[in-house]
1. Heavy atoms only, probe 1.4 angstrom, no DNA, RNA or ligands counted: give me 404, 354 ranked by accessible area, highest first.
2. Give me the distance in nm between label points sitting 7 Å out from Cα along the Cα-to-Cβ direction at residue 253 and residue 96, one decimal.
3. Can you figure out the FRET efficiency of residue 134 with residue 242, using R₀ = 51 Å and their beta-carbon distance, to the nearest 0.05?
4. I'd like the Karplus ³J(HN,Hα) series for the range 348-353: coefficients 6.51, -1.76, 1.60, θ = phi - 60°, whole numbers in Hz, and an x wherever there's a Gly or Pro.
5. For 333, 137, write out the residues from largest to smallest accessible area, computed with a 1.4 angstrom probe and no ligands counted.
6. Tell me which lysines have Cα within less than 17 Å of residue 363's Cα, excluding those fewer than 8 residues away on the same chain?
7. When the solvent-accessible surface of protein heavy atoms is calculated with a 1.4 angstrom probe, in what order do 16, 375 fall, highest first?
8. Taking a probe of 1.4 Å, how large is the accessible area per residue of the range 250-329, in Å²?
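The values are calculated or read from the model by the stated rules, or taken from the named source; none is laboratory data. Everything numeric here is computed off the predicted structure, so don't read it as measured data. Note: ideal-geometry Cβ built from the backbone for every residue, glycine included; neighbour counts use all protein chains shown. In case anyone asks, the SASA skips ligands and DNA or RNA and just uses the protein heavy atoms, side chains included. Shrake-Rupley method; radii C 1.70, N 1.55, O 1.52, S 1.80 Å.
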Amino acid sequence: MLFNYDVSLVLLAVISACVAFYVSFWLCKAGARRNHYCWPLFSGPTMGCGIWVLHYMVIQAHHHSHVINYNIHKTLASLLIAMVGCTLGFACFLFKKLRGQHYLFPAFIFSLSAASMHYLGMAAIVNAGDAYVSRNHIILSLVVIFIASLIMLRLMHLMLVMKGRNDIYANFYRLGATLTLCTGVAMMHFVGSCEMNMDTHPMSSMPLVQDDYIENTIAMTLSVLVAMVFLLAIVIWFVNFKKHLSNELLKRELIKKNLLLKQMTQHDSLTKLPNRLYLQTHLNTLFASHAVPLFIMFIDLDGFKRVNDVWGHAVGDELLVKISQTLKENVCHEGFVARIGGDEFIIAICQKDKERVIQLAQKLLSKIAGTYELSATTVDFISASIGVSIYPEHGTDVATLLKKADVAMYYIKNQGKNNITFYNEIEMTLPS
């Protein structure tokens, strides 16, 4: 029987119905999300139009030997039944007391509406020939549409409970409900009309003018409904896309702001180096990864206070920026550089060779003790004192390692500055 149909017209009918069903489910979801309960009122008529369009376009797709004539009153009544029945089905589904746990009542209304529309639409054909349909086929068609309605309602329920970031899953459920209902209605149509033979009576006794009028009325109604469905779909898609685009832009802006806020809270505003908070997190990460041995260099500038006192804090800040750049350029990928306040810097290095660490520290001392061309003056008296602690030899937590590196730094500063030393428990004592 499938070969008696114009496949392109059947495909157009399926696409039109799927668009109508998808739009109806979207309206239901949008209304439930925004508590606009008037929105689902449009879901029923839209779905009813989709079922009606699918039914009559498939009939028109059948290769007949004569012009099909309709009873216009029954035809429009079938449209009204589909629209009102689907509206009642949506209303029952949205009320939990009527919906129940297994969706039996709303599924019964949806299936009854679709079946009533179908068989009334078949009865509206005044020259259908052998219009007998067996009881078995009627029962089978009812079972098919009822099962499809149950599955469709389950998918629609899953769609409604999806929120926020799970919207992509809601789209899958909506598409699944659309395909389920379209398949169910199509199967019901073919099962419920497979025994009908519209080729037995070549022509109706009705006048040709009236035939043409009824045929044109049906065609015009179909065209208008299809146009309205697609127009509504385009409008809804545009609204949805505009909202999605707005949400996406807002999301990207929030991500950008959050990254900027994170950058501000974890980095020094002057030198852009990581601050104490970031340093602690980074060191804990290194401890967890068992990166041993880990050398902690505590660097304090010698003579920096003189720059602030003589030329002011603006010049001092300029000098700090230049020194921070020097540290980053020379440490490069060998370690991690942070500024923990004032003229104090921390460098963390994962290195097995202790001599390599000493060579890097001496290189840093040489680079720091250079000449700096600043906006207000030239500074050539800056040096640095570096104290080093080792993980896990001197401690296994950040606070202890920083404190011992600090003690080592002050020890070498008191010994004459511009040098490096490692923490020694015998020579150095921690402050109480």
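1. Solvent-accessible surface, decreasing: 354, 404.
2. 3.7 nm
3. 0.50
4. Once rounded to whole Hz, the list reads 10, 10, 8, 8, 7, 8.
5. 333, 137
6. Within the straight-line cut-off, residue 363 pairs with 322, 328, 354, 417.
7. Ranking 16, 375 by accessible area, largest first, yields 375, 16.
8. Accessible surface, normalised per residue, equals 60 Å².
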